Amino acid sequence: MLTLMRPLLCVLLLGACALPRGAAIESEVLASADATNRDFAVYSVTRNNLSAIANWPATDNVRQFGWLSRTSGPADIRIQPFDTLNLVVWDSEENSLITSPGQKLVDVGNLRVTESGQVFVPYLGYVSVSGKTPDGARQQIEREMLAIIPSAQVQLNVVPGSRGSVSLVGGVNQPGAIPLPDGRFTVLNLISQGGGPKDSLRNPQVRLIRGGTTYGASLETLVENPSQDTVLLGGDKVALVDDERYFRALGASGLEEIIYFSEDRVTTLDAMSLIGGLEANRANPQGVLVLREYPGSAVRSDGSGPGNTRTVFTLDLTSADGLFSAGRFPVYSGDTVLVTESPVNAARTVFGLLGTVVGITDQFAQ
C-alpha cells in the first residue's frame, strides 16, 4: 500500500498551492516586493516607523471641505433688507395727530425694509434702519417722531426676512427655516432647534452653505470642540448627511464587503472589530495587510512620504508591538484591509485529503 500511496502523496503536496482558497497568502501578495522594478512599496508598521508614517500626506478619496471657526458676534440681531418691522406708537396727547379720541396707541405693522435698508414710516418718510439693532432702530424712529408728536413712545418688533433666517435643509427630525434669535446663534443651536440628527444617519456630517461656498465638518468635531461651533449668519443653509468614507474588507475576515466609517477616525484595530475579526482556522494574524494608493504628489524618496503611489502596509497581530501599532495606525477612505490566509490551512487540506484516500485504500485492501 505504501508503494501506491507515495505517488499520490507527491501529487497532493505539489498541488497544495493550487487548492481553492478564499484569500491570498501573504507571500503571494508580496511576491514581487524585492524585485528591482517593483510597482509597489511595502512597509511593516511598528513602533519604530509609526510616527513617521503618520506624518505622510493623507489620501482620503472623498471630497474635502474646509470649515469656519467660531467667531464672536453681537449679542443682538441686526436689521437687514427684507426684514419686516411692526411698530406700536403710544401717544398720551388729547388731540393726538395719530390716535382717535379715547385711543392711546396705534399699530403700524408690516413695514418691509427695502433692499437699500430703508423703511417707510407714516409721517416720517423713509428711515434708514439696516445694520441697526432693533433697539437702536426704535430709538431713532422715536427721536424723529418726537418732533411731530412730543409725547410719542415707540415699541418695535422685527420679523426676520430671508436674510435674517437660516435654513435647516435636511438630516434632522424637523427641517425648515428658522429666524435668527440673536447674533450668537450657532450650528449646534440650529441642529437642536431641528430636533437633533436623524437616528439613521451614519456618523453625521455637517454641511454649511454660505455665499456660494460649502463648508464641512463632522457633528462629533463640533460637539467635542466648541471653538468649531460656527456662529450662523442670515441666509446660511445647513444640512446633515451620511459620512461617505469607506474601506474594503477582503480575505479571511468575518466580513468581505464595503465598510463605512462609523467614527471620524478608524484605526486598523477598529477595522478588525468592524469586519468581525479574523476567521478561525483560516486567517493569518501575522499577515494583515492595508493596501493604499497615494496621489503622485505624495511620493517621496527621503522617507517623508511613501516610496510609491501603490503602498502595502503589513501588520503582525500576534505581537504586542503589532497590536499597539495597529491601534494607532489609521485606515483611510478607499483603503483595502486584506486578511491573508494562513499557509497552514493548505497543509490541513492536503492531510485531510490524504486521510480520506487512506480510508478508501483500506477499504479496497479488505
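Placing unit charges on C-beta atoms (Lys and Arg positive, Asp and Glu negative, everything else neutral), compute the dipole magnitude of the range 73-159 about its Cα centre in debye, rounded to 20.
That gives a dipole near 180 debye.
Calculated FRET efficiency, residue 297 and residue 44, Cβ-Cβ r, R0 25 Å, to nearest 0.05?
Plugging the Cβ-Cβ distance into 1/(1 + (r/R0)^6) gives 0.50.
Quick one: length gained pulling residue 155 to residue 65 fully straight, 0.36 nm per residue minus the C-alpha distance?
Separation in residues times 0.36 nm, less the Cα-Cα distance, equals 28.0 nm.
How about residue 198: which aspartates and glutamates have a C-alpha closer than 20 Å to its C-alpha, ignoring those fewer than 8 places off in the same chain?
Output for residue 198: 220, 224, 229, 242, 243, 244, 263, 264.
Treating only the Cβ of Lys, Arg, Asp and Glu as charged (+1, +1, -1, -1), what charge dipole size does the range 172-221 show about its Cα centre? Round to the nearest 20 debye.
The dipole magnitude comes to about 120 debye.
Return the FRET efficiency for the residue pair residue 241, residue 54: r is the Cβ-Cβ distance, R0 is 22 Å, and the value is rounded to the nearest 0.05.
0.20
Suppose the chain between residue 118 and residue 221 were pulled fully straight at 0.36 nm per residue; how much longer would it get relative to their current alpha carbon spacing?
33.0 nm
Coordinate-derived values only; no laboratory data. Just so we're clear, the structure is a prediction, and the values are computed from it rather than from any experiment. Glycine gets a Cβ as well: all are built from the backbone with ideal geometry, and neighbour counts include every protein chain shown.
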